[in-house]
């Protein structure tokens, strides 16, 4: 099946969220899967059930630094997004046998694990937690929303992200250290190369034929 | 006619969910296709749509509480 690709570049979270919601409606109507790629300007986001006083260690200090804290309609706890983190939003209409949320999340983890293998990084799951880890360090967060079996939100993979803001939270409610591709490689990591590899992996895992990338200039 | 709204099957290995949010309160009319309530399972937030226009009579499991797959979480009256 053909899959649309939209690259939003660097974009604030809410603008990208509105585009996601438009895309969800389009996918519901047309059933053509779409992958949105982007990087967000610095922001902390909380999942639907996250409590600001829970995993955000110092909300006042975060706001003083001019970083927004936004509540959003995905699963999971709190996380940080910023430049250098690749965001991939797979907007897919799930049909059987993929109408199985654990299986879908597992496949997204596989996408990241095999992508990292391409860069020579051995990654794994941590039993009982969704996301991808390098040894005990978290490198990718995964959280989704599902509306009428269309998925939205998705993967946040640290490519060359400034990891210091993660010290202000317990990412996804965990006492874990974060890492990135650049930190693991001890070298610069090309965002363009990571984007291409995540598209290749999504194509393999979900049996998709990726169409040309549409660079959206609305941001 | 009243009927129960139950937690849908979300896949193998998901036995329990948390009710994340109710979009309606008792005595509200809910239209077909509208997002009725949200469930969270693992890292997925699942919107449960209303299958048939109805009045929400009783919420049996409020937001923040757990429910099992197949458990009744609300009572509605079809319109």
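Bear in mind that the values in this text are calculations on the coordinates, not laboratory data. A quick note: this is a predicted structure, and the numbers were derived from the prediction, not measured. In this analysis, Cβ positions are derived from the backbone assuming ideal geometry, glycine residues included, and neighbour counts consider all displayed protein chains.
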On the principal axes of its Cα set, how long, how wide and how thick is segment A:1-40? Give whole Å, largest value first. 28, 17, 7
For the residues A:1, A:178, what sequence is obtained by ranking on other C-beta atoms within 10 Å, fewest first? A:1, A:178
What 222 nm value per residue comes from the helices of the protein assembly as shown, counting each DSSP H run with n ≥ 4 as -39,500 (n - 2.57) and dividing by all residues, nearest 500 deg cm²/dmol? -7000 deg cm²/dmol
I need the fraction of alpha carbon pairs in segment A:145-192 separated by more than 17 Å, rounded to a whole percent. 51 percent
Of all DSSP beta bridges with both partners in segment A:2-215, the antiparallel percent, nearest 5, is 65 percent
Give the separation of the Cα centroids, segment A:22-46 to segment A:102-162, in Å. 17 Å
For A:38, A:214, ascending order of other Cβ atoms within 10 Å (fewest first) is A:214, A:38
Selected from B:52, B:16, B:43 as most flexible by GNM, with chain B as the system and alpha-carbon contacts under 10 Å: B:43
Please compute the modelled spin-label separation between residue A:25 and residue B:71, points set 7 Å along Cα→Cβ, answer in nm with one decimal. 3.5 nm
For the protein assembly as shown, what is the per residue volume of the convex hull drawn over the alpha-carbon atoms, in cubic angstrom? 132 Å³
Volume of the Cα convex hull of chain B, divided per residue and given in Å³: 76 Å³
Using the 10 angstrom Cβ neighbour count as an exposure proxy, how do A:96, B:40, B:51 rank, fewest first? A:96, B:51, B:40
Value in Å of the Kirkwood radius, where segment A:1-103 supplies the Cα pairs that are averaged: 15.1 Å
